[in-house]
Amino acid sequence: MENTRGCLGGILAGMGFEVDIVETPLHPVILASRGGQPDWPHVVIYGHYDVQPADPLELWTTPPFEPVEREGLLFGRGVADNKGPLMVHIAAVARLLEKHPDAPLRITFLIEGEEEIGSPSFGAFLEANKERLAGDFVLLSDTQSTSPEQITITAGLRGIICLDVEIKGPKMDLHSGGHGGVLLNPIQALCELCATLRTPDGRINLPGFYDDVLPVFDWERAELVQLGLNESEYADFLGINKFYSTEDPSPFASVRFHPSLDFNGIGGGYQGEGSKTVIPSRAFVKISCRLVPDQEPAKIMEIITKALTERCPPGVSIEIIPGHCGEPYLVVPPGKPNTPPDQSPVLARAFAAAHQSIQEVFGKPPFYLREGGSIPIIADLKKVLGMDSIMLGMCTQESNIHAPDENLHLGMFHNGIAASEKILASVAGL
């Protein structure tokens, strides 16, 4: 990551930005600013330079950290999440300033290195840099669109909580022949405990979990229907023969509008080849919940911790270790029902510019939809600085984000640069 930070800092400095590498307890933040008159619009452009691990390496067609172009796609870890989409906006700014070096627009790049682990250093960083970051809106591309030709402006993100749960039994692994049948196996206890987290019909079985869920707006459902997504194609892409959409008849609505609870990893006992007949001393599970407006991460963490503790069967003990969390986010685009009356006029102008620019460059107007993923700092920026975000999806589900053979559609990349340049020019009044 050191090379990435140095490269980005050098590029932005070469564009005339004042660049600071701000140290944090984990990974530095790149903060690059182009100043100007106080009455100029101020856009904050966000991105992140950290990536997911490349494992399993054997499933990559080519080495993950050696970018390769094949059939109009660029392959490599991080090309879609988030280095390629970030470069869309860097290139757009470079083109804009080359044509209009005196453009009346203040721009701040905010590029962090902890997004993939929940941005744990961002809260303190934000508090320390509030004045420099205070702007009219945030522009970013860390979300998805449905295809390279049909852009989605993401209007909402799910929040997240993560936790590790460990079930402890005997003080050591035991021979199952000598001791099997006289004590509760931690793996069995863990599986029974996990099974209590859903009702027979699949609903999340946590009292109070759904209490604060904001009802879905009618215009959001209409937008999703108009998008015309195909459930059979989605199932084929996932490689499944049946959806498990307990919250909504539509899987596309479930993943965008409703909360979820998932088991992300589970283990205990012998994991090697062959058999080793032991009763393990402990077992673990990793759990995450995706949250929707207006669920609060702290409240949901308290709800699930209480339920797990109370339901833990006798004969074993439980330890719950909270992980990272982030709040859900929702912005209502101008002109839609439910738009806040106090919405920023600069934000409204930027949304209008985004709509027109995308239609001109991509040949189709954008859709406005929530996304199932989480970007915790977007809610933080709204909460602390009052800034809403315009999120342009610059990759698709075929981009294999977080998976082997991650890729970026280069046609989408180049069109994205043109659209971003038009948006920024319009906000600047050019």
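The values are calculated or read from the model by the stated rules, or taken from the named source; none is laboratory data. In this text the structure is predicted, and so the values were computed from the model without any measurement. Cβ atoms come from the backbone with ideal geometry, glycine included; neighbour counts cover every protein chain shown.
What number of residues within segment 276-296 are touching a residue at least 24 places away in the same chain (Cβ under 8 Å) and part of a loop (DSSP other than H, G, I, E, B)?
Narrowing segment 276-296 to residues touching a residue at least 24 places away in the same chain (Cβ under 8 Å): 277-296.
Pick out the ones that are also part of a loop (DSSP other than H, G, I, E, B) and you get 277, 280-281, 292-296.
So the count comes out to 8.
Restricting attention to segment 339-352, which residues are part of a helix (DSSP H, G or I) and in contact with a strand residue (DSSP E or B) (Cβ under 9 Å, 6 or more places away or on another chain)? Matches in segment 339-352: Val346, Leu347, Ala350, Phe351. Is it the case, given these coordinates, that Phe209 is surrounded by 15 or more Cβ atoms within 10 Å (Cβ to Cβ), assigned to a loop (DSSP other than H, G, I, E, B), modelled with pLDDT under 95 and outside the structural domain of Gly372 (by TED's automatic domain parsing)? It is false that Phe209 is surrounded by 15 or more Cβ atoms within 10 Å (Cβ to Cβ), assigned to a loop (DSSP other than H, G, I, E, B), modelled with pLDDT under 95 and outside the structural domain of Gly372 (by TED's automatic domain parsing).
Yes or no, residue by residue, for (1) in contact with a Lys or Arg (Cβ under 8 Å, 6 or more places away or on another chain); (2) surrounded by fewer than 18 Cβ atoms within 10 Å (Cβ to Cβ); (3) assigned to a loop (DSSP other than H, G, I, E, B):
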| site | (1), (2), (3) |
| --- | --- |
| Phe243 | no, yes, yes |
| Ala253 | yes, no, no |
| Arg256 | yes, no, no |
| Leu261 | yes, no, no |
| Gly265 | yes, yes, no |
| Tyr270 | yes, yes, yes |
| Glu273 | no, yes, yes |
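Do we find that Val292 is among the β-branched types (Val, Ile, Thr) and farther than 20 Å from Ile204 by Cβ in this structure? Taking the combined requirement at face value, the residue does not satisfy it. For beta carbons closer than 9 Å, sequence separation of 6+ or different chains, a first residue in segment 42-60 that is closer than 16 Å to Gly113 by Cα and a second that is part of a strand (DSSP E or B) and aromatic (Phe, Trp, Tyr), the qualifying pairs are Ile45/Phe109; Tyr46/Phe109; Gly47/Phe109.
The set of residues in segment 137-185 being surrounded by fewer than 17 Cβ atoms within 10 Å (Cβ to Cβ), part of a strand (DSSP E or B) and among the small types (Gly, Ala, Ser) consists of Ser147 alone.
State yes or no: is Leu74 outside any loop (DSSP other than H, G, I, E, B) and over 22 Å from Asn129 (Cβ atoms)? Reasoning before the result, please.
Working: outside any loop (DSSP other than H, G, I, E, B): yes; over 22 Å from Asn129 (Cβ atoms): yes.
Criteria met by Leu74.
Taking the listed residues Lys382, Lys336, Lys299, the one that is part of a helix (DSSP H, G or I), of a type in the set (D, E, K, R) and either touching a Phe, Trp or Tyr at 6+ places or on another chain (Cβ under 6 Å) or in the same structural domain as Ile45 (by TED's automatic domain parsing) (or both) is Lys382, with no other qualifying.
Looking at segment 19-45 only, could you name the residues that are farther than 23 Å from Ile417 by Cβ and of a type outside the set (Val, Ile, Thr)?
Here is the first cut: in segment 19-45, the residues farther than 23 Å from Ile417 by Cβ are 20-29, 35, 37-39.
Answer for segment 19-45, where residues must be farther than 23 Å from Ile417 by Cβ and of a type outside the set (Val, Ile, Thr): Asp20, Glu23, Pro25, Leu26, His27, Pro28, Gly35, Gln37, Pro38, Asp39.
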